[in-house]
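Here is the structure we will look at, set down as structure tokens.
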Amino acid sequence: MALVYNLFRKIKPWKWWKRHLTTRLSGYFLLLSLVSVGITGGATFCWAQTSLQQSVFDQLRVAATLKENEINRWFEDQQRIFLSMTQLPMVQSQSRVLLDAKTNSVDRAAAKLLLAEYLTSINDRRGSFTELSLLDRGDRVIVSTDKAREGEYESSADLTYFEEVKPGKPTTPIFYSSSASGKLIVTFATPLRGTKGERIGVIVTHLNLNRLSEIMKAQTGLGTVVDAYLISTVGTSNTLVSQTLSNTPVGQAVSSVAIDAAMRGLNGSGLYQNYAQTSVIGVYHSLSNLGLSLLVEERQDVADLPAKKLAQKIMLMGLISAGTLSVGLYWLARLIVRPVLEIAHTATQVAAGNLEQRAPVLTEDEVGLLARKFNYMVEQLQLSRHQSEMYSLSLEQKAQELQTALREVRSTQAQLVQNEKMSALGQMVAGVAHEINNPVNFIYGNLIYVNQYTQDLLQLLNAYQQHYPNPPQSLQAELEDIDIDFLNKDIKKILKSMKVGSERIREIVLSLRNFSRLDEAELKSVNLHEGIDNTLMILQHRLKANAERPAIEVVKQYGELPLVECLAGQLNQVFMNLLANAIDALEESNRNRSFQEIVANPNTIWIRTTKLTSNQVQITIADNGLGIPENLRSRLFDPFFTTKLVGKGTGLGLSISYQIVTEKHGGKLWFDSTLGAGSKFVIELPISGV
């Protein structure tokens with residue numbers, strides 16, 4: 001089975017079935033033929049089986065009737081012969097001498113000898129009796145053809161008594177089992193009457209039942225496959241009296257549905273299991289006048305054999321015819337399908353782009369019409385393709401022009417928006433810085449004098465305390481309320497913090513002015529570290545700790561950089577965009593993390609600068625945020641593209657930064673990102689010669 005399964009999987013017949021129309025046509029026809037042959041064979045078998053069974057039933061009924069008549073006639077003949085024999089003068093006279101009590105011993109012995117010889121001669125001539133005996137009134141055997149039986153007793157219950165035989169109505173025989181041999185026996189008996197009609201003795205004979213077997217074996221034209229047997233009741237059991245085919249010995253108790261029905265006096269026929277549990281077709285007759293049942297049976301498989309052979313022959317012829325027709329249909333289908341395959345081959349080449357190919361027109365029928373229509377379709381397709389190519393070239397040129405124009409418009413728009421925004425921002429920052437710078441300078445400049453004057457007053461107060469250690473009571477109370485000692489210490493701290501605050505404001509104003517660089521429209525050599533630090537100063541409010549997270553750590557890894565010729569204001573704008581995006585990415589990564597988780601893995605921005613070559617520097621800004629998804633990376637530098645919420649981003653930051661670095665400084669701006677680990681943006685700038 002495993003070999004067949006592996007072979008089946010290797011051949012894969014289902015692929016041939018799906019791929020070839022000829023195979024399917026032949027297969028369907030063969031399948032329909034097989035179904036038709038199967039139905040025809042089955043119907044033929046059923047019809048033939050029914051007909052044969054009916055014929056067998058008829059033959060078995062005829063045989064059963066003939067055997068029944070012959071059995072009745074034989075029993076009637078044997079009873080008549082027996083009665084005739086008992087009426088012979090010699091039998092009557094000698095029997096009476098023996099049964100007469102007054103007969104002397106000499107006459108008795110002579111009569112016994114004479115009767116025994118006479119009975120023996122009759123028995124030998126007839127052959128239908130196995131023993132002839134004379135019984136006295138006590139049923140003791142006084143004369144018998146079997147000398148060993150003389151002196152024994154016969155059971156009157158086993159004797160079949162009769163004194164006359166009516167035509168067609170033989171006396172019902174009694175079957176019983178011999179105590180000596182164990183065989184079935186039928187014993188006929190007729191009484192000897194005295195002058196007054198009383199019984200003075202009995203003449204009996206044991207019937208030779210071999211003739212019954214001969215009658216059963218006479219098949220009456222049914223062959224040697226029919227089993228005929230007789231059943232009689234011996235004691236309380238239905239016993240086999242005679243049979244032809246079975247190995248069951250005569251005298252054995254048997255039972256079946258048909259036997260039970262026949263012993264109840266029913267006649268019939270049918271399909272059933274006999275006493276040997278074999279399925280048979282049988283006929284059963286009740287010979288109630290003889291106390292017998294006659295059954296004639298034939299095995300069902302033997303009876304159905306002609307029907308099976310007929311069905312097999314029909315199915316064999318049908319299979320041969322179906323196979324032959326299938327082969328013929330296969331070749332016919334190939335002739336029909338061949339032009340279609342040519343068209344399919346041409347269609348494959350056309351689908352591959354060869355519109356010069358044409359299908360051959362091999363016939364003038366429907367398939368030829370299909371080929372001509374297919375060729376016409378290819379011609380139309382070729383014409384449409386040529387027109388489409390012309391349209392495509394025109395549309396492609398227009399699309400390229402529109403795409404170029406769109407890029408220029410979007411770039412110009414983005415630049416104008418950014419320039420306008422930065423211009424307004426620069427003016428506002430410059431104005432704010434100027435407005436703040438004047439009062440701050442006034443405060444910062446006067447803090448020196450305030451500090452000096454305060455120190456002078458405190459020294460004067462200390463001098464008064466030294467010269468007047470015991471002031472009046474009212475002045476002492478005022479000094480205690482003011483707490484001169486605390487005032488002396490705290491005012492120094494206040495002045496110091498005011499100085500630090502004013503210096504911080506001056507630094508912020510300076511950073512704003514340096515960041516905007518509105519007054520620097522031309523290239524200048526600048527310190528990039530200063531621009532980065534100024535940007536960090538402006539973004540300090542976003543870097544410091546708040547209620548949701550600790551401060552963002554900024555790791556500076558500054559290398560030794562020379563002054564770089566650049567547009568400082570615009571380059572500061574690039575630093576602002578990249579650092580602001582890094583902060584946004586870190587805040588986005590904190591959305592699903594607790595404060596403790598952020599402390600364990602803190603937000604970090606790395607700023608690294610290095611000199612790559614004699615005329616090139618590199619600035620790297622990296623973060624440990626979520627990283628950039630793969631599907632967004634190709635659009636990251638497009639104008640107006642943003643992943644931020646509405647109102648939080650315009651989509652111009654990276655686009656403008658890319659233009660500033662690449663177009664205005666001749667540098668490079670690229671990035672590297674790992675999803676879940678962070679992003680890194682790299683700026684490469686020439687040191688001079690932009």
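Given their separation in residues at 0.36 nm each and the Cα-Cα distance between them, GLN616 and GLU478 gain 42.6 nm when the chain is fully extended.
How much FRET efficiency would the formula 1/(1 + (r/R0)^6) give for SER279 and TRP331, where r is the Cβ-Cβ distance and R0 is 45 Å, rounded to 0.05? Here the calculated transfer efficiency is 0.40. Taking GluC sites (Glu not before Pro) across the range 149-258, the ones in a DSSP loop with at most 10 further Cβ atoms lying within 10 angstrom of their Cβ are GLU164, GLU198.
Anisotropy class assigned to the range 520-690 is prolate, per the alpha carbon gyration tensor with a/c at or over the 1.5 cut-off and a/b larger than b/c. Loop-only trypsin sites (Lys or Arg not before Pro) in the range 189-287, please: DSSP not H, G, I, E or B, and at most 10 other Cβ atoms within 10 Å. Of the trypsin sites (Lys or Arg not before Pro), the ones in loops of the range 189-287 whose Cβ has at most 10 other Cβ atoms within 10 Å are LYS196, ARG264. Each residue of the range 127-133 was assigned a 3J(HN,Hα) from its phi angle through the Karplus curve 6.51 cos²θ - 1.76 cosθ + 1.60 (θ = phi - 60°); the sequence is x, 8, 10, 9, 7, 10, 9 Hz, with glycine and proline shown as x. Cross-link pairs exceeding 28 Å in C-alpha to C-alpha distance, out of LYS217/LYS313; LYS556/LYS664; LYS67/LYS183, comprise LYS217/LYS313.
In this structure, ILE443 and TRP670 have a Cβ-Cβ separation that, at R0 = 45 Å, corresponds to a calculated FRET efficiency of about 0.45.
Taking 0.36 nm per residue of separation and subtracting the current Cα-Cα distance, fully stretching the chain between ARG264 and GLU597 would add 109.7 nm. Considering only DSSP states other than H, G, I, E and B, which GluC sites (Glu not before Pro) in the range 519-578 qualify as loop sites with at most 15 other Cβ atoms within 10 Å? Passing both the DSSP loop test and the Cβ count: GLU520, GLU522, GLU548, GLU560.
Spin-label pair ALA101-ARG358: with each label point 7 Å from Cα along the Cα-Cβ axis, the two points sit 13.9 nm from one another.
On the beta carbon distance between ALA463 and SER497, with R0 = 25 Å, the FRET formula returns roughly 0.35. Stretched out straight at 0.36 nm per residue, the stretch from SER634 to ASP301 would grow longer than its current Cα-Cα span by 111.4 nm. Residue order for HIS665, HIS386, fewest other beta carbons within 10 angstrom first, comes to HIS386, HIS665. Taking other residues whose beta carbon is less than 13 angstrom from the beta carbon of GLU117, and scoring Lys, Arg as +1 and Asp, Glu as -1, yields +2.
For a straight C-alpha distance cut-off of 13 angstrom, the aspartates and glutamates reachable from LYS524 (same-chain residues fewer than eight places away being disregarded) are GLU565. Taking other residues whose beta carbon is less than 12 angstrom from the beta carbon of ILE185, and scoring Lys, Arg as +1 and Asp, Glu as -1, yields -2. In this simple spin-label model, placing a label point 7 Å from the Cα along the Cα-to-Cβ direction at both LEU395 and ASP533 gives a separation of 6.0 nm. Other residues lying with their Cβ under 9 Å from the Cβ of ILE605 contribute a combined charge of -2, Lys and Arg counting +1, Asp and Glu -1.
Here, each number is a calculation from the coordinates, and none is a lab measurement. Predicted, not measured: the structure shown is a model, and the values here were computed from it. In this analysis, Cβ positions are derived from the backbone assuming ideal geometry, glycine residues included, and neighbour counts consider all displayed protein chains.
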